[in-house]
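J.: Quick one: structure below, then a few questions.
The values are calculated or read from the model by the stated rules, or taken from the named source; none is laboratory data. All figures in this text were calculated on a predicted structure; none of them were measured in a lab. With ideal geometry, Cβ positions are generated from the backbone for all residues, glycine too; neighbour counts draw on all protein chains shown.
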Amino acid sequence: MKFEELSLDPKLADNISKMGFADCTPIQEQSIPTILEGKDLAGLAQTGTGKTGAFLIPLIERILRTESDDKTRAFENWQKRHCVLVLVPTRELAEQVKEACEMLIAGTDLTCVSVYGGTAYDKQKSALKNGVEFVIATPGRLIDLYKDNSFDPGQVRAIVFDEADRMFDMGFKDDMKFILRRVPKDRQFLVYSATLNFEVLNTAYQFGAEPVEVSISRDQAKAENVKDYIYHVGQDEKAQFLLSVIKKYKPNQAIIFSNFKHSVERLAVFLSRNDCPALGISSLLSQAQRNRVMEQFRTENKMNILTATDVAARGLDILGVDLVINYDLPDDAENYVHRIGRTGRANQEGIAISLVSDRDVEALQRIEEFTGGKLEVQWLEEGELITDFKPLPDEREFRSFSRPQQGKSAGGRSTSAPNKRRSNGPGGERSRDSRPDRPKQDQRPRPARTEEGRTQSASGSKPERSEHRDRKRGRRGAPKDQKDLSKSSGKAAASPNPKASSKPNVAKKSSKNGSASKKKAQRFEPGKYGSKKSDSSASSPGIGKKVSGFLKKLFQ
């Protein structure tokens, strides 16, 4: 079917032809007439078959019909504040859907906005306040704007879940239900994905939707124009085979998928060191950095290799990608289908290669069960395997790239080594004369240190801090060395004058400090109060004897 046969609005039909599309894809041919009738729909189709256009084109047509005389396809009671809500799992997919929507509504009065995290709220709030017809959002940021009274779900006339199963896998199930509870019940409900599961459809029925199921090649999960192969390699040989495969196929653009976000940058550095410029994208990057990476990868330049996690496996439409490499096989078999779907888009040919080690055997079994067939095994010839290359940086070496530079860290403290000395003086050592002059102050004598390593005051008595520590630890009585010292000193140690046992600089203190020292002298001293007088030969009974005696009396 051609788009001319759908009798679309002239402006919309002109925009479609400018984008270079004349014939409908199978999913578009079956979806557009159903959506134009205002029915709910659940679309299942392979990746790269035009699912985004399958729901954007009919929804734009329905809004444009509200302003024309022929309102057979138009939304009922459409008002200025009404909108269409499109929910997507990732920020990159939200931006891509927004770009497609902008091209389709060019020359009309319709507007659209993308709403996702990692960016400022002000621009998104102002767009929603002025009123837009299409809101393309991720669930988390949309709920934040709803709680901030910047978005009214009661104005939604149609809701679309793009890559709905991925949103369930990413933990957005509760957020999806939260939004569905607050949109009108008479809204149009659309859900699209390459792998729809029962849980997604069950949620649709739970909230009153009656979707017409449209399935394109349900029995064939992979696209026909994508050829996928596997290479059996050792885990330590993956980097060598990765470089050899890229040198062999010499792709126009390639995407390399890894299961671990910390491996993405390592692979990008490894390829760049071996004359294969690469970029890395993962959740470790900020949104501005992710947008910049995708913009560089889309443009024609030397950066034609992208290393990524599954954040780039859903919905990204980059026509120039002709090679996909799975450095690690995904644990979920559905993610394998979405990964290899980044190539072979728009009826172009694509190649997908997976490097399988002993750690990927179980994942390979799940993938073959899901796709319904064995994956073809290939080998590299001896001359095709590169032996002279710079190795993959290990984790310890790679962590040094992300360390803050010496100087001041984010908190403002110096991060230089503590033992590093300045070389202001001759011979690299800091000279004594180069030190800044400090104002001279009255220096108090430092307490002497006994043979046992304990600090005592200049007068020989135990310092007050030690007494406080003894009280805190539950010790009673003065230490043995302090008792001997008091016996030898006689009555001189028990002099009523508090200044006799104070430090030498006590005389220089004011009267206020003198009164404070008197209060210190009146503090509790361990062993002075509350201790029973007993013969030195008699030993107090232990706590165990006291308890046993109490129990005997109790049970007698």
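J.: Considering LYS51, LYS18, LYS11, LYS80, which residue is under 30 Å from the mean Cα position of the chain (by Cα), within 29 Å of ALA127 (Cα to Cα) and in the same structural domain as PHE207 (by TED's automatic domain parsing)? Explain how you work it out, then say what you get.
T.: Values: LYS18 fails: under 30 Å from the mean Cα position of the chain (by Cα); LYS11 fails: under 30 Å from the mean Cα position of the chain (by Cα); LYS80 fails: under 30 Å from the mean Cα position of the chain (by Cα).
One residue alone meets the criteria, LYS51.
J.: Filtering the range 297-346 down to residues that are crowded, with 24+ Cβ neighbours inside 10 Å, of a type outside the set (A, V, I, L, M, F, W, C) and in contact with a Leu (Cβ under 8 Å, 6 or more places away or on another chain), which residue is modelled with the highest pLDDT?
T.: ASN326
J.: Checking SER17 against (1) surrounded by fewer than 18 Cβ atoms within 10 Å (Cβ to Cβ); (2) in contact (Cβ under 8 Å) with a residue 60 or more places away in the chain; (3) among the hydroxyl-bearing types (Ser, Thr, Tyr), only one condition comes out false. Which one?
T.: All conditions pass for SER17, except number (2).
J.: For the range 125-159: of the residues being assigned to a helix (DSSP H, G or I) and hydroxyl-bearing (Ser, Thr, Tyr), which is farthest from GLY38 (Cα to Cα)? Steps first, answer last, please.
T.: Of the residues in the range 125-159, the ones assigned to a helix (DSSP H, G or I) are 125-130, 139-147, 153-155.
With the extra rule that they be hydroxyl-bearing (Ser, Thr, Tyr), the set shrinks to 126, 146.
Numbers: SER126: 30, TYR146: 26 Å.
Per the criteria, the residue is SER126.
J.: Looking at the range 106-132, which of the residues that are in contact with a helix residue (DSSP H, G or I) (Cβ under 6 Å, 6 or more places away or on another chain) and under 20 Å from ASP162 (Cα atoms) is surrounded by the most Cβ atoms within 10 Å (Cβ to Cβ)?
T.: It comes out as VAL115.
J.: I'd like the full set of residues that are part of a loop (DSSP other than H, G, I, E, B) and at pLDDT 90 or above, limited to the range 277-295.
T.: Scanning the range 277-295 gives a single hit, PRO277.
J.: For a quick check of your reading of the model, give me the residue pairs whose first member lies in the range 324-350 and is touching a residue at least 12 places away in the same chain (Cβ under 8 Å) and assigned to a strand (DSSP E or B), whose second is of a type in the set (Gly, Ala, Ser) and surrounded by 19 or more Cβ atoms within 10 Å (Cβ to Cβ), with beta-carbon atoms closer than 6 Å and at least 6 apart or on different chains.
T.: From residues that are touching a residue at least 12 places away in the same chain (Cβ under 8 Å) and assigned to a strand (DSSP E or B), the pairs are VAL324/ALA352; ASN326/SER354; GLY350/GLY344.
J.: Hey, could you check the range 273-296 for residues that are without any contact (Cβ under 8 Å) to a residue 24 or more places away in the chain and surrounded by fewer than 17 Cβ atoms within 10 Å (Cβ to Cβ) and say which is nearest to ASP331 (Cα to Cα)? Can you show your working first?
T.: Of the range 273-296, the ones without any contact (Cβ under 8 Å) to a residue 24 or more places away in the chain are 275, 284-285, 289, 292-293, 295-296.
Checking the rest, the ones that are also surrounded by fewer than 17 Cβ atoms within 10 Å (Cβ to Cβ) come to 275, 284, 289, 292, 295-296.
Working: ASP275: 31, LEU284: 21, GLN289: 27, ARG292: 29, GLU295: 29, GLN296: 29 Å.
Only one residue fits best here, namely LEU284.
J.: Answer yes or no as to whether MET167 is under 20 Å from the mean Cα position of the chain (by Cα), more than 23 Å from GLN289 (Cβ to Cβ) and either assigned by TED's automatic domain parsing to the domain that holds PHE21 or crowded, with 16+ Cβ neighbours inside 10 Å (or both). Lay out the reasoning, then the answer.
T.: Details: under 20 Å from the mean Cα position of the chain (by Cα): yes; more than 23 Å from GLN289 (Cβ to Cβ): yes; either assigned by TED's automatic domain parsing to the domain that holds PHE21 or crowded, with 16+ Cβ neighbours inside 10 Å (or both): yes.
Judged against the criteria, MET167 is a match.
J.: Hey, can you tell me all the residues within the range 229-253 that are among the acidic types (Asp, Glu) and buried (at least 20 other Cβ atoms within 10 Å of the Cβ)? Walk me through how you get there before you give the answer.
T.: First pass over the range 229-253, keeping only residues among the acidic types (Asp, Glu): 236-237.
Of everything in the range 229-253, nothing turns out to be among the acidic types (Asp, Glu) and buried (at least 20 other Cβ atoms within 10 Å of the Cβ).
J.: Restricting to the range 254-272, name every residue that is buried (at least 22 other Cβ atoms within 10 Å of the Cβ), of a type in the set (Val, Ile, Thr) and part of a helix (DSSP H, G or I).
T.: VAL264
J.: Which of the residues spanning the range 26-68 are crowded, with 21+ Cβ neighbours inside 10 Å and of a type in the set (S, T, N, Q)?
T.: GLN28, SER31, GLN46, THR47, THR49, THR52
J.: Please enumerate the residues belonging to the range 160-188 that are outside any helix (DSSP H, G or I) and among the hydrophobic types (A, V, I, L, M, F, W, C). Step through it out loud before you land on a result.
T.: So the first thing to find is which residues in the range 160-188 are outside any helix (DSSP H, G or I), and the list is 160-163, 170-172, 181-188.
Residues satisfying the conditions are VAL160, PHE161, MET170, PHE172, VAL183.
J.: Can you name the residue in the range 69-105 that is part of a loop (DSSP other than H, G, I, E, B) and β-branched (Val, Ile, Thr) and is also surrounded by the fewest Cβ atoms within 10 Å (Cβ to Cβ) among such residues? Even if it seems obvious, please write down each step before you answer.
T.: Start the filter on the range 69-105 by keeping residues that are part of a loop (DSSP other than H, G, I, E, B), which leaves 69-82, 88-90, 105.
Retained after the next criterion (residues that are β-branched (Val, Ile, Thr)): 72, 88, 90, 105.
Details: THR72: 8, VAL88: 28, THR90: 23, ILE105: 21.
Checked the range 69-105; the qualifying residue surrounded by the fewest Cβ atoms within 10 Å (Cβ to Cβ) is THR72.
J.: Check TYR205, TYR192 and return the single one that is in contact with a Lys or Arg (Cβ under 7 Å, 6 or more places away or on another chain) and not acidic (Asp, Glu). Spell out how you get there, then give the answer.
T.: Numbers: TYR205 fails: in contact with a Lys or Arg (Cβ under 7 Å, 6 or more places away or on another chain).
Answer to the selection: TYR192.
J.: In this structure, is ILE386 more than 29 Å from the chain's Cα centre (by Cα), of a type in the set (A, V, I, L, M) and in a loop (DSSP other than H, G, I, E, B)? Give the derivation first.
T.: Working: more than 29 Å from the chain's Cα centre (by Cα): yes; of a type in the set (A, V, I, L, M): yes; in a loop (DSSP other than H, G, I, E, B): yes.
Against the criterion (more than 29 Å from the chain's Cα centre (by Cα), of a type in the set (A, V, I, L, M) and in a loop (DSSP other than H, G, I, E, B)), ILE386 qualifies.
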